[in-house]
Each structure stands twice: as structure tokens, then as C-alpha cells.
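The values are calculated or read from the model by the stated rules, or taken from the named source; none is laboratory data. Bear in mind that the values here come from a model prediction, so they are computed numbers and not experimental data. Ideal geometry is used to build each Cβ from the backbone, glycine not excepted, and the neighbour counts take in all protein chains shown. The accessibility values were calculated without ligands, DNA or RNA, using every heavy atom of the protein model including side chains. Shrake-Rupley method; radii C 1.70, N 1.55, O 1.52, S 1.80 Å.
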Amino acid sequence: MNFISLRSIQNDKDYLYYKLAYLTAPTMAKKKPATLLSFSHNNWDLYALWETYKVEIAEKLQLEYFEIRKCPKRILVIFFNRPLLLKTLLKDCNRKYLMAAGYSGELDLEEYLILLKRRFATSCPHEVGIFLGIPLEDVLTFVEKEGKGCLLNSYWKVYHNPQKARLIFASYDQARAEVSKLHQMAAAAGKG
């Protein structure tokens with residue numbers, strides 16, 4: 001799905017749904033624990049559309065969401081698959097990293113999201129990468145190298161194991177391609 005096919009959608013709610021379905025496809029397909037998206041007033045006014053349709057759209061996507069940051073210009077939302085996100089955060093190395101960053105030793109997802117939200121109030125905290133399924137070693141090296149010198153740059157900046165990252169990226173792309181195909185089939189049938 002590209003923006004040309006999205007632009008052919010006339011209904012605001014359908015536009016928001018298909019855009020979010022495409023962008024969150026790896027999370028919906030259980031290949032990625034969470035997806036972080038920003039809604040602003042630009043172009044189609046996704047901010048207003050999100051405010052109007054968020055409950056209905058998230059339910060249709062079968063994803064939970066948490067608003068990380070909200071200001072007059074934009075809303076930052078993390079969409080997540082609860083079981084996969086919990087599994088990711090409970091991974092021993094991730095759990096230790098998060099504890100060192102001030103998260104409690106006991107995993108209460110809501111508390112973790114609230115703390116992440118507090119940290120977003122001042123800047124983008126590096127631990128968000130863990131929530132998004134980025135390998136800890138890449139998060140740590142990104143911080144150490146200040147985002148420079150990566151081996152690969154796609155869904156995240158890869159510093160270690162680019163072969164494995166390429167496979168993960170391909171699975172994310174495949175999930176998005178499947179959403180595009182479903183949208184095209186619905187459009188051809190006159191339903192989207």
C-alpha cells in the first residue's frame with residue numbers, strides 16, 4: 001500500500017483505518033511487539049481523526065494502544081500486542097536494562113507505559129527501542145555511537161547481526177504487503 005492508493009479513499013475513518021493497518025501490520029501479525037506512531041494536524045488532520053475514531057479503529061485492528069504524549073500539535077501513540085510486548089519486556093537482558101533505567105523489577109505493563117510516558121515528556125527515551133522490539137545490543141550501540149556508524153538502517157539502525165535484522169525487516173514488509181493486498185481486494189470489491 002502506498003500513499004497513492006490511500007489517497008483514493010474518500011471516507012476519513014476508512015483512511016485512518018487503512019493507514020494504521022498498514023503501519024501497524026507487523027504488530028498485528030505478531031512479528032513486532034509494538035509500533036509507535038505520531039498523529040498531527042498536517043494534511044488529512046490525523047490528530048482529529050484519531051481523537052474521533054481511536055476506540056473503534058483500535059478495536060478493529062485488534063491492538064491495544066496507549067497515548068504516550070499529547071500536545072496541541074501532535075499525539076504520540078504506541079500500539080501493542082500485549083502478550084508479545086510482555087514477552088519482550090520479560091526477556092532477561094531487556095528486563096535488567098529496564099530495571100537499571102528505573103523500571104520496577106515486577107512487570108506491570110501499565111506502570112511501564114506510564115513511566116515511558118513520563119520520560120517522553122522531556123525527550124525520546126532510548127528504552128522505547130526495547131518496547132518496539134529492537135534488540136538490546138542495537139539500542140545500546142545506538143546510544144554509544146549517538147546514532148552514527150550503523151551497518152543497516154531500515155526499521156531501526158542495526159549495529160549487530162544485519163543478516164538477522166534483514167530477515168526481521170522482510171517479515172515486517174511481508175505483513176505490510178498482506179495488508180496492502182487485502183485493501184486492494186476490498187477496493188476492487190467496492191468495499192474500501
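Using the structure shown, decide if Ile130 is in contact (Cβ under 8 Å) with a residue 24 or more places away in the chain and either out of contact with any His (no Cβ under 7 Å at 6 or more places or on another chain) or not in a loop (DSSP other than H, G, I, E, B) (or both).
Answer is yes for this residue.
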Sort through Ala29, Ala25, Ala100, Ala21 and tell me the only one that's within 30 Å of Lys164 (Cα to Cα) and open to solvent by 70 Å² or more (accessible area, probe 1.4 Å). Ala100
Restricting attention to the stretch 64-96, which residues are in contact (Cβ under 8 Å) with a residue 40 or more places away in the chain and touching a helix residue (DSSP H, G or I) at 6+ places or on another chain (Cβ under 6 Å)? Phe66, Ile68, Arg69, Phe79, Asn81, Cys93, Asn94
Could you list, in sequence order, all residues of the stretch 126-151 that are surrounded by fewer than 17 Cβ atoms within 10 Å (Cβ to Cβ) and within 23 Å of Lys30 (Cα to Cα)? His126, Glu137
Some residue of the stretch 167-189 being open to solvent by 60 Å² or more (accessible area, probe 1.4 Å), over 30 Å from Asp45 (Cβ atoms) and not in a helix (DSSP H, G or I): no
Of (1) free of Cβ contacts under 8 Å to residues at least 60 places away in the same chain; (2) more than 12 Å from the chain's Cα centre (by Cα), Asp14 fails just (1)
From the list Glu111, Glu106, which one is open to solvent by 50 Å² or more (accessible area, probe 1.4 Å), under 15 Å from Ile78 (Cβ atoms) and either part of a helix (DSSP H, G or I) or not hydroxyl-bearing (Ser, Thr, Tyr) (or both)? Glu111
Taking the condition of being under 11 Å from Asn94 (Cα atoms), under 17 Å from the mean Cα position of the chain (by Cα) and of a type outside the set (A, V, I, L, M), how many residues in the stretch 121-153 meet it? 5
Pick out the one residue from Gln184, Gln174 that is under 30 Å from Asp12 (Cβ atoms), modelled with pLDDT under 95 and polar (S, T, N, Q). Gln184
